[in-house]
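Nothing in this text is a laboratory measurement; each read-out follows from the coordinates by a stated rule. Computed from a prediction, not measured in an experiment: that's the story for all the values here. Positions of Cβ are backbone-derived with ideal geometry, glycine not excepted, and every protein chain shown enters the neighbour counts.
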Amino acid sequence: MRISSVVTQLRTTDLGASIAFYTNTLGFTLDFQYDDFYAAIRAGDQTFHLKLVEERDPCIDIVARDEHFHLYFQTDDVAAIATMVKRKGVHLERDVHETPWGTRELVMRDDQGHTLYFGQALVVVPDVSGS
C-alpha cells in the first residue's frame with residue numbers, strides 16, 4: 001500500500017472569507033469549490049480543505065492556548081512570507097525567529113483564528129575542525 005498524500009480539513013463559519021484569505025492574502029490557489037459549503041486550497045503541491053460549519057471550530061482556542069498549530073507550511077523563504085503578509089495587514093502572532101530545532105519560523109492566524117506556522121529549514125554547517 002502506498003499513500004500519495006494526506007489532506008487535512010479546517011472548519012470555517014465563512015467559506016468566502018476563508019477562501020479569500022488563503023488566495024488573496026497568502027497567494028494560494030482555489031483548487032475546487034463544491035456548492036457553498038466545501039472547498040480545497042492548493043499550496044504548492046499540497047492541498048487542504050475548508051468546510052463550512054455553523055459554529056466556530058472549538059479547537060481554535062485550545063491550539064492557540066497550548067501553542068500547537070493547525071497547519072504547518074514548509075517554505076524556502078519565511079522572511080519573504082512575513083514581508084508579504086505584513087504588507088497585506090496580517091498580524092503575526094510571532095514574527096520570524098530561529099528555533100532550537102534548526103528552523104526559522106513565523107506564526108499567524110487565518111481569518112477564523114486557526115494557527116498557521118510557516119517554517120524554513122536552516123542550513124546546518126557541520127563542524128569539520130575536529131573540535
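Summary of computed values
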item	result
Residue-averaged 222 nm ellipticity for the chain, from DSSP H runs of 4+ at -39500 (n - 2.57), nearest 500	-4500 deg cm²/dmol
Packing-based order for 116-122, 87-93, using average beta carbon neighbours within 10 Å, highest first	116-122, 87-93
Local electrostatic count at Val96 - Lys and Arg +1, Asp and Glu -1, tallied over other residues with Cβ under 13 Å	-2
Translational diffusion of the stretch 9-121, µm² s⁻¹ [Kirkwood Rh, Cα pairs; Stokes-Einstein; 10 °C; 1.306 mPa s]	110
Cβ charges +1 (Lys, Arg) and -1 (Asp, Glu), total dipole of the stretch 1-68, debye	260
